[in-house]
Every structure is written in structure tokens, then in C-alpha cells.
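Take a look at the structure below.
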Amino acid sequence: MPASKKPGPSVKDDELYEKLRDEGNSKEKSARIANAAANTSRSEVGHRGGSSPAYEDWTVDDLRERAAELGIEGRSSMDKDALIDALRHH
């Protein structure tokens, strides 16, 4: 991997990180997934944790609150579909 593309010392699985970035994921999301995979196994990532209702079942206020937690800009003027899209692609 070229030195300019090296994600940094906090990323534990450089190969998976770069694959996720190439797919268009954000740096933060790619690092989070790569580190989770390095802590267990790649096949186990995404199969653990609690359950949450689909974003379509959330209220607009709940979606805006979650968008605020993630620092998504422009959330106050977004409709429900735009909020869902922004949250899924953050």
C-alpha cells in the first residue's frame, strides 16, 4: 500500500479499510468497520449487537436527533427521505 494511502496507526485492518473507502464509505465508517473486524473476525462483524427499528419507522424528530449526534449538516431542512438517506450514507 503506498505511503500516501496509509490510513494511520489507529486503523487495525488496512486492507479492509481501503476496500471500504474504495466502495465510497466515509473515513470514519471505514475505520470503525475495519477495527471491529480486526477485533473479532470479518464474518462476525454485523451479526452482533442489539436491534433497532428501520429508519422508516422512526419519526422525523428522532431522525433529526440521530443526524445531530452524527454531525450531519443541513438536517433541519431535510425531509424524512433525505434524513434516512443521509443517515445511511454517513
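A few notes on this one:
- Potential extension, Asp57-Asp22 segment - 0.36 nm per residue separation minus Cα distance: 9.5 nm
- Maximal additional length on extending the Asp85-Glu15 stretch stands at 22.5 nm, based on 0.36 nm per residue less the C-alpha distance.
- A simple packing score, the average count of other Cβ atoms within 10 Å per residue, orders the peptides 15-21, 60-66, 30-36 as 30-36, 15-21, 60-66, with the highest score first.
- A straight Cα-to-Cα reach below 19 Å connects Lys27 with the aspartates and glutamates Asp13, Asp14, Glu15, Glu18, Glu69, Glu73, Asp85, residues fewer than 8 places away in its own chain not being considered.
- Calculated from backbone phi, Karplus (6.51, -1.76, 1.60) coupling profile of the stretch 51-63 in Hz, x at Gly/Pro: 10, 9, x, 4, 4, 4, 8, 7, 7, 4, 4, 5, 5
Each reported figure results from applying straightforward, stated rules to the coordinates on display, with no laboratory input. Quantities reported herein were computed from a predicted structural model and do not represent experimental measurements. Cβ: placed from backbone, ideal geometry, glycine included. Neighbour counts: every protein chain shown.
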